[in-house]
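First up is the structure itself, then whatever we jot down about it.
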Protein chains: 2
Amino acid sequence: MICKMLNIKYPIIQAGMAGGPTTPELVAAVSNAGALGTLGAGYMSPKDIRNVLSQITKQTTAPFAVNLFLPQVYEKNEQQILNMQKYLNSYRKQLGIPEVSSVPDMRDVFEQQLNVVKEAGVKIVSFTFNKPSVSLIEKLHDSGITVIATATTVKEAKELELNGVDMIVAQGSEAGGHRGTFLDVEDEALIGTMALVPQIVDAVQCPVIAAGGIMDGRGLAAAFSLGASAVQLGTAFLTVYESGASEIHQSAILTSKDTDTKITQAFSGKSARGFKNEMMMNLESITGLPPYPIHHVLTSDIRKEAARQGNKEMVSIWAGQASALSKKQSAKDLVENLVRDCKNTISHTSTD
Amino acid sequence: MICKMLNIKYPIIQAGMAGGPTTPELVAAVSNAGALGTLGAGYMSPKDIRNVLSQITKQTTAPFAVNLFLPQVYEKNEQQILNMQKYLNSYRKQLGIPEVSSVPDMRDVFEQQLNVVKEAGVKIVSFTFNKPSVSLIEKLHDSGITVIATATTVKEAKELELNGVDMIVAQGSEAGGHRGTFLDVEDEALIGTMALVPQIVDAVQCPVIAAGGIMDGRGLAAAFSLGASAVQLGTAFLTVYESGASEIHQSAILTSKDTDTKITQAFSGKSARGFKNEMMMNLESITGLPPYPIHHVLTSDIRKEAARQGNKEMVSIWAGQASALSKKQSAKDLVENLVRDCKNTISHTSTD
């Protein structure tokens, strides 16, 4: 059913990871393989989104999605920001990049991002970090766009359905990257995929997409058993050939172990799961970090340069709790292996 | 295979929850239903264990297990204990029970507990909170006893296998009650079942028993898909008719929602998952709680009396993250429903 709704062959979604990993090549390769590629456009300018969408549509005629971050209310405390800039300048010095002592200009470009996506004829949009309003969803539906949104609790899932989303990503606590939590307290909404998916499936009528800790055919079969209609994988797609994740990000994932990740607000002011490192631990010891998205912007130049220099202690390296199951392969091979191994798993699973 | 090793019909284990829930009636009913009942004997005196084992064997001829806590090293700081007693006296006053201003006599009775279990002819023993030594496992094997132990990380699973355990419980972060973590830091070993099980399955040769967030046939099918040979359920058995869990414990579970639990050291000095309440929050704000098992003993009289009085704010109410899926039914019906729904789930799961 969900495949029909999304016009795809396999109920597999590549998560819309913002910040570089979702190259046009990755999105196109995933969609060409019969799954759903997603451009993680949350941090992109409207202009960049337009360019990348045109690159994607040159490489695939299959459907793909765009993920956007919904606007949220936050407080801007100038003194707090200036103090943080001062603190962060020690990192900038170490990396040899210009120090910054100003308050960044924060403009919300959500409306413009969305207009570009609509103009480009994208037919599937997924949202995180908040609840799309009834009127927003109606407008998208009027444009023939299918709307996906992320929940981390039953309460969030119910509210998303009430507003009219077409399908819900149930993001378990295993998931890498940012938590999609928008109603409950971030650190109280860390429910494991095994517990979260059946509870959300029971609470809503629309299709549920399981996310968090799913890396291979076993994970797919498990998610479908729990009642999910599809799966969404992020970490597994970070190490495919078409991924735009940095060298240090990919090598950290490929050599990781189960206990390497941690939920932290250190890099962006919003809870996210990534590998423990020096900058994470140092920033966690500071009370009163600026809120998301301010703190995300403040640390961005440092993380970007650290990634370029191959310095894994000063960069956010997002990954889920099953990252150790990752492999270096093409996106097409990953999708095909997922489908084949899932089928084998199901046909070999018995209670005897 | 695991059913043959344990001489049971269904690969379902009722977790050995200490402190009262695992009545002789529960253990016997679960085993009579074809699953494996487990007496949670960790906190019991050797004499009580002997009595209860004789009650169980009067009610079933099927195999059942006994769960014991392995001894662990801890520091006893008398001043810290006396300070905590003083703090806890405000709770004792509220409940109308005698105040306590002494250091409890802590004797380790593990050897005596184990002797009673062996003498009673129990054929399956499961351990938590530590790693059974090679010599302990060899002695148990010489007595024809199958040894199960709990791991919360891949590293712990590998060490358990190296020492010779016969099968390993992979305890995901969703699980209710105490964490079995013994090597890694408790709060860094919170890996979701979906992520943990396949990683442990890949790391060891022996059968893996999935635990954490499993409440119904969907959870069973998911666990088997992930490569588990069996499942262990705790919370689901707390609300069956034969359960010894208190009225407030059962009603809290039956009316719970997904976000109600939290990992806390507040009640015992060791990380455990239970429902948030006043005493948990108050004790969490105190730095430097006495270590387990001291703090467990210090708070025991309060929790016992609060449960008796139906006061849910001063008692530890352990439960997993899928507690909202619980039902009031007999142990036999729970086991039969698990098996039937798991089979139905598997036969209806497909990738199309």
- Using alpha carbons only, what's the Rg to Rh ratio of the protein assembly as shown with Rh from Kirkwood? 0.98
- Message: What's the ranking of A:222-228, A:111-117 by average number of surrounding C-beta atoms within 10 Å, highest first?
- Response: A:222-228, A:111-117
- How much of the accessible area of the protein assembly as shown, in percent, comes from carbon and sulfur atoms when a 1.4 Å probe is used? 48 percent
- Using alpha-carbon coordinates, inclination of helix B:294-309 to the longest axis of chain B, degrees: 90 degrees
- Query: By the gyration tensor of its Cα atoms, with a ≥ b ≥ c the square roots of the eigenvalues, what is the shape of the stretch A:175-298: rounded for a/c under 1.5, prolate for a/b over b/c, or oblate?
  - Reply: oblate
- Message: Inside 10 Å of the C-beta atoms of B:223-236, what's the mean count of C-beta atoms belonging to other chains?
- Response: 3
- Karplus-derived 3J(HN,Hα) from phi for the stretch A:9-25 (6.51 cos²θ - 1.76 cosθ + 1.60, θ = phi - 60°), whole Hz, x at Gly and Pro, runs 7, 10, x, 10, 10, 8, 5, x, 6, 7, x, x, x, 8, 5, x, 5
- Task: State the percent of C-alpha pairs, over all pairs in chain B, separated by a distance greater than 28 angstrom.
- Result: 40 percent
- For A:208-218, mean number of other protein chain Cβ atoms within 10 Å: 4
- Task: Within 10 Å, count the other beta carbons around each residue, average over each peptide in B:337-346, B:98-107, B:192-201, and list them highest first.
- Result: B:192-201, B:337-346, B:98-107
- When Cβ neighbours within 10 Å are restricted to other protein chains, what is their mean count per residue of peptide B:3-16? 1
- Heads up, the stretch B:79-200 by the C-alpha gyration tensor (a ≥ b ≥ c square roots of eigenvalues; a/c under 1.5 rounded, else a/b over b/c prolate, else oblate) looks oblate
- Message: Net charge around A:LEU226, counting only other residues with Cβ within less than 15 Å of its Cβ (Lys, Arg = +1; Asp, Glu = -1)?
- Response: -4
- Item | Total formal charge among the other residues, if their Cβ is under 14 angstrom from that of A:ASN32, Lys/Arg +1 and Asp/Glu -1 | -1
- Item | Probe 1.4 Å, protein heavy atoms only - accessible area per residue of chain B in square angstrom | 39 Å²
- Message: Kirkwood hydrodynamic radius, the stretch B:231-352, all distinct C-alpha pairs: what's the number in Å?
- Response: 15.9 Å
- Distance in Å, no decimals, from the C-alpha centre of the stretch B:112-142 to the one of the stretch B:165-181 is 18 Å
- Message: Net charge within 9 Å of B:GLU188 by Cβ-Cβ distance, Lys/Arg positive one each and Asp/Glu negative one each, not counting B:GLU188 itself?
- Response: -1
- Message: I'd like to compare B:139-146, A:252-259: which one has the highest average count of other Cβ atoms within 10 Å, and what's the full order after that?
- Response: A:252-259, B:139-146
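The values are calculated or read from the model by the stated rules, or taken from the named source; none is laboratory data. All of these numbers come straight from a predicted model, not from anything done at the bench. In this analysis, Cβ positions are derived from the backbone assuming ideal geometry, glycine residues included, and neighbour counts consider all displayed protein chains. Surface areas here come from the heavy atoms of the whole protein model, side chains and all, with no ligands, DNA or RNA. Shrake-Rupley method; radii C 1.70, N 1.55, O 1.52, S 1.80 Å.
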